[in-house]
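Trainee: Quick one: the structure is below, questions incoming.
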Amino acid sequence: MEQSVASEVRDNAALKRFEMDVDGATVFVTYRVAKSGPTLLHLEVPKALEGHGVGSRFARSVLDLLRAEKRKAIVLCPFIAAFIRKHPEYEDVLAEPLRDPEYNELDERLDEALGESFPASDPPAVTPHR
């Protein structure tokens, strides 16, 4: 899979994500619909495929597809933003400049904090009046 796989990337509008099948698994990036084009939010690579360059090849393919369709994107996905920083030849696909990487780091930390579960034994944050 060394060549671009843009032709294998599909836009699953029902799930609002670009996706591609690799070795029986699906790699995808979710998006929101905006007037300027898709807002790329979060890229998911199945655990079994991590560390094999699949994410980078998929990011390249999604950007190649958008370029071929003469579409622009807003990139909020930290992975794709990092990919574009390493490959500035894809800046022409951007509908607006990339956010500062520090913003993405704070956003990831917030997502992690919101995803934590707390034991039911923790006292409530607000005690109701009785």
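Trainee: So in segment 42-70, with the set limited to residues that are of a type in the set (Lys, Arg) and in contact with a helix residue (DSSP H, G or I) (Cβ under 8 Å, 6 or more places away or on another chain), which one is nearest to VAL29 (Cα to Cα)?
Mentor: Quick first cut of segment 42-70, residues of a type in the set (Lys, Arg) only: 47, 57, 60, 67, 70.
Filter once more, keeping what is in contact with a helix residue (DSSP H, G or I) (Cβ under 8 Å, 6 or more places away or on another chain): 60, 67.
On the way: ARG60: 12, ARG67: 16 Å.
So the residue we want is ARG60.
Trainee: It is to be established whether one or more residues within segment 48-61 are touching a residue at least 12 places away in the same chain (Cβ under 8 Å), among the polar types (S, T, N, Q) and surrounded by fewer than 19 Cβ atoms within 10 Å (Cβ to Cβ). Show your work before the answer.
Mentor: Here is the first cut: in segment 48-61, the ones touching a residue at least 12 places away in the same chain (Cβ under 8 Å) are 48-49, 54-61.
If we keep only those that are among the polar types (S, T, N, Q) too, we end up with 56, 61.
If we keep only those that are surrounded by fewer than 19 Cβ atoms within 10 Å (Cβ to Cβ) as well, we get 56.
Checking segment 48-61: at least one residue is touching a residue at least 12 places away in the same chain (Cβ under 8 Å), among the polar types (S, T, N, Q) and surrounded by fewer than 19 Cβ atoms within 10 Å (Cβ to Cβ).
A short reminder: the numbers here are calculations on the coordinates, not readings from a lab. Just so you know, these numbers come straight off a predicted model, no measurement behind them. Here Cβ is always computed from backbone atoms with ideal geometry, including for glycine, and neighbour counts include all displayed protein chains.
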